[in-house]
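A quick write-up on the structure given underneath.
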Amino acid sequence: MQNSNIEWIEKLECLTDLHVHLDGSLSKETVKHLAKMQNIDTGRDRELAGRLSVSSDCKDLNEYLEKFEFPLKLLQTRDAIRYSVCELVRIQEEQGVIYSEIRFAPQLHMRKGLSQQEVVEAACEGIIESKKYWKAYSCHNLILCCMRSDSNKYENMETIRLAALYAEKGYCVVAADLAGAEGLYATDTFTDVFRDAVQRGVPFTIHAGEAAGADSIECALHMQAGRIGHGIRCIESEAVMEQLAKSEIALELCPTSNLNTRIYESIEEYPIQQLINKGIKVTVNTDNMTVSDTTEARELALVADTFNMEKKDVKQLIMNSVEAAFAPEAIKNRLRARVETQFAKVTGIRG
């Protein structure tokens, strides 16, 4: 397949990424810097690439998740977390991404004695430091992930508490999430955790409809998720699709990642157009820039090329992200205006 859209999409300075994991998006240069800071051997470049990115024969989500182990080893100090967040924002800005919600699980960064709160503080410091790279219209925020497991309810409740605490303080934490091995730990197992999020007024998204089917999405909706991470397998249920369309709950689609994890064997099978035709609000995101070796522009170009989307369709995908962002209306207005001016400048599309 020939990429006919990548050139003009890469010229846009109004891209958004609502679903991007910190530990899955460390650049090779960032990894080398962190390793040098901590006297950790990265091995040869070819070996390092294999530790960070999946190959074309990745079998499933569980194999995909293995690529997070080495980056997580490097993200166990305040300096490493702060530096990594700042660097990811810098790279996003260079790639035309002016709004992102970077997610990470504080409980996974405690191996060297940090508390979850210290982890969150370090990430917030990284966002603050990254402001030197922001454009006038940019904004980058954080999402705190709870993790799927059968023995970490206390840690998950602490994550929700911190999300509420830092959101109330007006910091850059805007929501919570549930991540991890969806196929091994059912979504409804975590109802109590997200009931607490609702009571505390914490917005949240939930990874659902990726490794598990449409029932997982239905459960996330019942738990009052404001967005659905991935959610692509809603296509398996007419009732769930109708519920998504009616409630205007956005899906955070991550096409390349879903191909990596073998949810679909080819991009031609990817049901994004069917979901759009059903009136479901879909957004396109990277998931893990390094694990999947992708960028936001590449993801948009991939679906635009495959499904013969017009420039106005790409614009709508970006606008969907703006509308679905966990951000105040003032920031959304700023982003809307930037999308309009950029599309007018780059494509001639107005209004």
Legend entry - Computed over the stretch 157-214, Cα set: Rg, Dmax in Å: 12.2, 37
Legend entry - Rounded Å value of the spacing that divides the Cα centres of the stretch 35-79 and the stretch 88-117: 16 Å
Inset, instruction - Using +1 at the Cβ of each Lys and Arg and -1 at the Cβ of each Asp and Glu in the stretch 175-248, identify which of ALA176, THR189, CYS219 lies farthest towards the dipole's positive end. - result: ALA176
Inset, instruction - Identify which of the listed values of Cα extents along the principal axes in Å was calculated from the structure shown: (1) 51, 44, 40; (2) 171, 75, 45; (3) 63, 54, 47. - result: (1)
Inset, instruction - Using the heavy atoms of the protein chains and a 1.4 angstrom probe, tell me the accessible area per residue for the chain in square angstrom. - result: 41 Å²
Inset, instruction - For the stretch 33-151, with all protein chains present and a 1.4 Å probe, just round the carbon and sulfur fraction of the accessible area to a whole percent. - result: 47 percent
Inset, instruction - Could you pull the Cα extents of the stretch 310-351 along its three principal axes, largest to smallest, in whole Å? - result: 28, 16, 13
Inset, instruction - Take every DSSP beta bridge with both residues inside the chain and express the antiparallel ones as a percent of the total, to the nearest 5. - result: 0 percent
Inset, instruction - For every other residue with a beta carbon closer than 12 angstrom to the beta carbon of VAL240, add +1 if it is Lys or Arg and -1 if Asp or Glu, then tell me the sum. - result: -2
Legend entry - Selection of chymotrypsin sites (Phe, Trp or Tyr not before Pro), the stretch 64-168, meeting DSSP coil and at most 16 other Cβ within 10 Å: TRP134
Legend entry - Links that overshoot a 28 Å alpha carbon limit, given the list LYS246/LYS311; LYS59/LYS112; LYS11/LYS332; LYS28/LYS332; LYS73/LYS169; LYS312/LYS332: LYS59/LYS112; LYS28/LYS332; LYS73/LYS169
Inset, instruction - Using the charge dipole of the stretch 257-303 (Lys, Arg: +1 at Cβ; Asp, Glu: -1 at Cβ; taken about the Cα centre), state which of THR261, VAL284, THR295 has its Cα farthest towards the positive end. - result: VAL284
Legend entry - Using alpha carbons only: equivalent-ellipsoid semi-axes of the stretch 1-100, gyration tensor based, whole Å: 25, 19, 13
Inset, instruction - Return the whole-Å distance between the Cα centroid of the stretch 198-222 and the Cα centroid of the stretch 120-178. - result: 18 Å
Inset, instruction - Determine, from the Cβ-Cβ distance of GLN316 and LYS345 and an R0 of 22 Å, the FRET efficiency 1/(1 + (r/R0)^6), rounded to the nearest 0.05. - result: 0.80
Inset, instruction - Please report, as a whole percent, how much of the solvent-accessible surface of the stretch 171-230 comes from carbon and sulfur atoms (probe radius 1.4 Å). - result: 45 percent
Legend entry - Exposed-site-free run, longest, the chain (rule: trypsin sites (Lys or Arg not before Pro); DSSP loop; at most 15 other C-beta within 10 Å): 170-261
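The values are calculated or read from the model by the stated rules, or taken from the named source; none is laboratory data. As the structure is a computational prediction, the values presented were derived from the model and not from experiment. FYI the Cβ positions are ideal-geometry reconstructions off the backbone, even for glycines, and counts take in every protein chain you see. All accessible areas refer to the heavy atoms of the entire protein, side chains included, with ligands and DNA or RNA removed. Shrake-Rupley method; radii C 1.70, N 1.55, O 1.52, S 1.80 Å.
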